[in-house]
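Written below as structure tokens is the structure these notes are about.
Taken together, the values in this text are just the output of simple stated rules run on the coordinates, not laboratory data. Quick caveat, the model's predicted, so the values are computed rather than measured. Using ideal geometry, Cβ is built from the backbone for each residue, glycine included, and neighbour counts are taken over all protein chains shown.
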Amino acid sequence: MAYTLPTAATLKMVFPAFAAVDDALVDFWITRGARAVDETWFEDDYQMGVMLAACHYMVMAGLGTGAEAQVYAEGMAGFQS
């Protein structure tokens, strides 16, 4: 294992709630997630950390099939900026 980014296919396999999200969009969020996880993390935890960050961002963007993602997609999360 090395410090390499996970692929969209890997993220979708581990987190099937994002299976229907376009690969290019998943890749975008993986790249964003990599900003929160760096090489100070253990090598074995790096890809999972990046995927978890990407999933978090996707849920907040209303992507995926989970209940929380649907709340964000419908604008009912109640957050304002």
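Have a look at Ala54, Ala24, Ala34 and tell me which one the Gaussian network model of the chain (Cα, springs below 10 Å) gives the largest fluctuation.
Judging by the Gaussian network model, the answer is Ala24.
Just flag the trypsin sites (Lys or Arg not before Pro) in the stretch 1-42 sitting in loop per DSSP whose Cβ has no more than 13 other Cβ atoms within 10 Å.
For trypsin sites (Lys or Arg not before Pro) across the stretch 1-42 that sit outside H, G, I, E and B with at most 13 neighbouring Cβ atoms in 10 Å, the list reads Arg35.
Nearest 10 degrees, 0 to 90: what angle lies between the long axis of helix 23-33 and the longest principal axis of the chain (Cα atoms)?
Roughly 70 degrees, rounded to the nearest 10.
Would you mind computing, in nm to one decimal, how far apart the modelled labels at Tyr3 and Ala73 are, each placed 7 Å from Cα along Cα→Cβ?
For the pair Tyr3/Ala73, the computed spacing is 3.6 nm.
Within the chain, which is the longest segment that contains none of the chymotrypsin sites (Phe, Trp or Tyr not before Pro) sitting in a DSSP loop with at most 11 other Cβ atoms within 10 Å?
1-41
Largest first and to the nearest Å, give the Cα extent of the chain along each principal axis.
Result for the chain: principal-axis Cα extents of 40, 27, 18 Å.
Using Cα springs under 10 Å in a Gaussian network model of the chain, which residue among Ala61, Ala69, Ala53 shows the largest mean-square fluctuation?
In this elastic network of the chain, the residue with the biggest mean-square fluctuation among Ala61, Ala69, Ala53 is Ala61.
Springs between alpha-carbon atoms under 10 Å, Gaussian network over the chain: tell me which of Met48, Met13, Met60 tops the mean-square fluctuations.
Met13
What angle do you read, to the nearest 10 degrees and between 0 and 90, between the alpha-carbon axis of helix 43-60 and the longest principal axis of the chain?
Helix 43-60 sits at roughly 10 degrees to that axis.
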